[in-house]
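One structure is given here, and the rest of the page talks about it.
The values are calculated or read from the model by the stated rules, or taken from the named source; none is laboratory data. These numbers come from a predicted model, not from an experiment. Every residue, glycine among them, receives a Cβ derived from its backbone with ideal geometry; neighbour counts consider all protein chains shown. For accessibility, only protein heavy atoms count, side chains too; no ligands or nucleic acids. Shrake-Rupley method; radii C 1.70, N 1.55, O 1.52, S 1.80 Å.
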Amino acid sequence: MAIINSLAATDNIFFSSLIEHVYQYGWVFLPQFLTPELNAALLHEAQYEADLTLAGIGRSNAHQLNMQIRRDATKWFDGQSSAQQNYLQLMAKLQQALNRQCFLGLFDFECHFARYQQGDFYKKHLDAFKGRTNRVLTTVSYLNTVKQGGQLALYDEKDTLIKTITPTAGSLLLFESERFPHEVLPAQDPRFSIAGWFRKNANINGVLDPAN
Ligand code: OGA
Ligand code: MN
């Protein structure tokens, strides 16, 4: 079972056991990753301060198509607030531990806040396609506990459902971006999270480090 229950994110041993799980299963769910303080600060920012917007506002075909696939509102981190800085520091520590233990060659982490309101969803997708992006690991930090809807369904390479995760405040989901299709089921309660990606410095089609 790729779920770790009992350690705090500050322990070195926490990172090693987390990484062992990722190595073995390709994914892990940590019910307690963020401290309540950091969680509260990030949630406050996502709810009241960050200006979250639908990806690609407008009437273009691309936007219409996008709305069939996902309905969340997002805001990329700009690193301005101390809550964001603390979160990025934590992820930098995790990146360092992953590189030491697994030689993954991660060089970068990017993330955005996301808000799903009633009826919002994100259809089943992969975050990376083999050889086409430099996203290696996906992270999702859940900032509030939802009572109804908004679960994350995680599938394996054969499209078999592995796990349905109910977002709870302070938890983290981590999985290999190329391996696991996943979807966000229609939300009932407001749902706040931070979706992020550890990336490697890949030279794709002669372009160094493209954005996606
Ligand atoms: C994503 C995504 C999952 C979630 O943003 O790519 O799949 O649980 N998010 O929010
Ligand atoms: Mn995704």
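Counted residue by residue at 0.36 nm each, then reduced by the alpha carbon distance between them, the extension gain from Thr145 to Lys158 reaches 1.7 nm. Of all aspartates and glutamates in the structure, those lying under 14 Å Cα to Cα from Lys158, and not within fewer than 8 positions of it along the same chain, are Glu178. Give me the percent relative contact order of the range 102-212, please, defined on Cα pairs under 8 angstrom at least 6 residues apart. For the range 102-212, the relative contact order is 44 percent. Within the full protein context, the accessible area of Ser82 is estimated at about 80 Å² for a probe radius of 1.4 Å. Of the chymotrypsin sites (Phe, Trp or Tyr not before Pro) found in the range 59-118, those that fall in a DSSP loop while having at most 15 other beta-carbon atoms within 10 Å are Phe103. In this simple spin-label model, placing a label point 7 Å from the Cα along the Cα-to-Cβ direction at both Leu65 and Asp108 gives a separation of 2.4 nm.
Cross-link partners of Lys200 among lysines, defined as those whose alpha carbon lies under 17 angstrom from its own and excluding same-chain residues fewer than eight positions apart: Lys93, Lys130.
Using Cα-Cα distances under 8 Å and only pairs 6 or more residues apart, what relative contact order does the chain have, in percent?
Result for the chain is 25 percent.
Once all protein chains are placed together, Ile165 keeps about 10 Å² accessible to a 1.4 angstrom probe.
FRET efficiency for the pair Thr166 and His44, taken as 1/(1 + (r/R0)^6) with r the Cβ-Cβ distance and R0 = 25 Å, rounds to 0.70. Put simply, the Cα atoms of the range 34-172 extend 43, 39, 31 Å along their principal axes, the longest span coming first.
Positive-end ranking of Asn12, Leu43, Ala114 along the dipole of the chain, with charges on Cβ about the Cα centre, is headed by Ala114.
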